[in-house]
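J.: Could you have a look at this structure, given as structure tokens, before my questions?
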Amino acid sequence: MLSALEKFAPLPLQESWDNAGLQLGLTEAEVSGALLCLDVNEKIVDEAIAKGCNLIVSHHPLLFRGLKQISGADYVQRCVIKAIKHDVVIVSMHTNMDNALDGVNWKIAERLGLKGCKFFAQKSVDGLEAGSGVVGDLPSEMGARAFVELVKNQFHVECAMCNELLERPIRKVAICGGAGDFLLPEAMGESADAFITGEMHYHQYFGHEQQIQICVIGHYQSEQFTAEIFRDIIKRECPGVRTEIAETNSNPINYI
């Protein structure tokens, strides 16, 4: 199964700072079930154990940096201890899935019904087509307020953080899930009418009035459907494996 995931989103596509791939465990074990999720925390590991899944496939890696001790001092260490104790394998597909064809950004575009999608901020790694963002067209142009409402509805968010509403119609939309504010200049270079991402620094909202509609919906919210990509890959390539999309909401941010 790991080879099927890495065939879809090869590890060389990940950014230099990332740690995608096998996080812990022995891959020779027969898979009893795969729990698919965005993040790994203790509740996710508990859910995998309760559902009889000995594999967790996450988007965000549990292990970004080397552990100097495993004593249960923080949630990462506690997850490692619990997963090893219960023979749970953890695999993460992070920026390699962000950059892959039909990966995270393409899933966002699919939710919005965008047409004619292509990569922007393209890169070529080992001859593979890849890119940090995706740009495409809405089926028909719409006003800025209607566009923001469409995004909110499709991603189940109560509010979006936007700059001044654009006074011209929106048709061309640029996307970068997660912390994608670094791609705002490239989105503008694509002549996009709107840019959707999960996070943006305060000062980047300034100076783009009536140039591009910024629409920031939250990191978790922008990537919440990534587990569906994992499910589709596994069902297609490993049809005998049971998959479960996690019921645990791992978003650490509370909206009060």
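J.: Looking at the range 57-71, is at least one residue open to solvent by 10 Å² or more (accessible area, probe 1.4 Å) and part of a helix (DSSP H, G or I)?
T.: For the range 57-71, residues open to solvent by 10 Å² or more (accessible area, probe 1.4 Å) and part of a helix (DSSP H, G or I): absent.
J.: Another one. So which residues in the range 78-93 are open to solvent by 60 Å² or more (accessible area, probe 1.4 Å) and of a type in the set (D, E, K, R)?
T.: Answer for the range 78-93, where residues must be open to solvent by 60 Å² or more (accessible area, probe 1.4 Å) and of a type in the set (D, E, K, R): Arg78, Lys85, Asp87.
J.: So how many residues does the range 24-52 have that are more than 18 Å from Thr226 (Cα to Cα) and among the polar types (S, T, N, Q)?
T.: 2
J.: Here's something else I'd like to know. Starting from residues that are part of a loop (DSSP other than H, G, I, E, B), in contact with an Asp or Glu (Cβ under 7 Å, 6 or more places away or on another chain) and not aliphatic (A, V, I, L, M), keep the ones in the range 26-52 and report whichever is least open to solvent (accessible area, probe 1.4 Å).
T.: Gly33
J.: While we're on this one: Only one residue in Leu101, Leu114 is in contact with a strand residue (DSSP E or B) (Cβ under 6 Å, 6 or more places away or on another chain), at pLDDT 95 or above, closer than 30 Å to Arg171 by Cα and crowded, with 19+ Cβ neighbours inside 10 Å. Which one? It would help to see each step written out before you state the result.
T.: On the way: Leu101 fails: crowded, with 19+ Cβ neighbours inside 10 Å.
Exactly one residue qualifies, and that residue is Leu114.
J.: Testing Tyr75 on (1) more than 20 Å from Leu183 (Cβ to Cβ); (2) open to solvent by less than 50 Å² (accessible area, probe 1.4 Å); (3) not polar (S, T, N, Q), one condition comes back false. Which one is that?
T.: (2)
J.: Any residue at all in the range 144-157 that is exposed (fewer than 14 other Cβ atoms within 10 Å of the Cβ), hydrophobic (A, V, I, L, M, F, W, C) and without any contact (Cβ under 8 Å) to a residue 40 or more places away in the chain?
T.: Here is the first cut: in the range 144-157, the ones exposed (fewer than 14 other Cβ atoms within 10 Å of the Cβ) are 145-146, 149, 153, 156.
With the extra rule that they be hydrophobic (A, V, I, L, M, F, W, C), the set shrinks to 146.
Next cut, without any contact (Cβ under 8 Å) to a residue 40 or more places away in the chain only: 146.
Yes: one or more hits.
The values are calculated or read from the model by the stated rules, or taken from the named source; none is laboratory data. The model shown is predicted, which means the values in this text are computed figures rather than measured ones. Neighbour counts are summed over all protein chains in view; Cβ atoms, including those assigned to glycine, are modelled from backbone coordinates with ideal geometry. Surface areas here come from the heavy atoms of the whole protein model, side chains and all, with no ligands, DNA or RNA. Shrake-Rupley method; radii C 1.70, N 1.55, O 1.52, S 1.80 Å.
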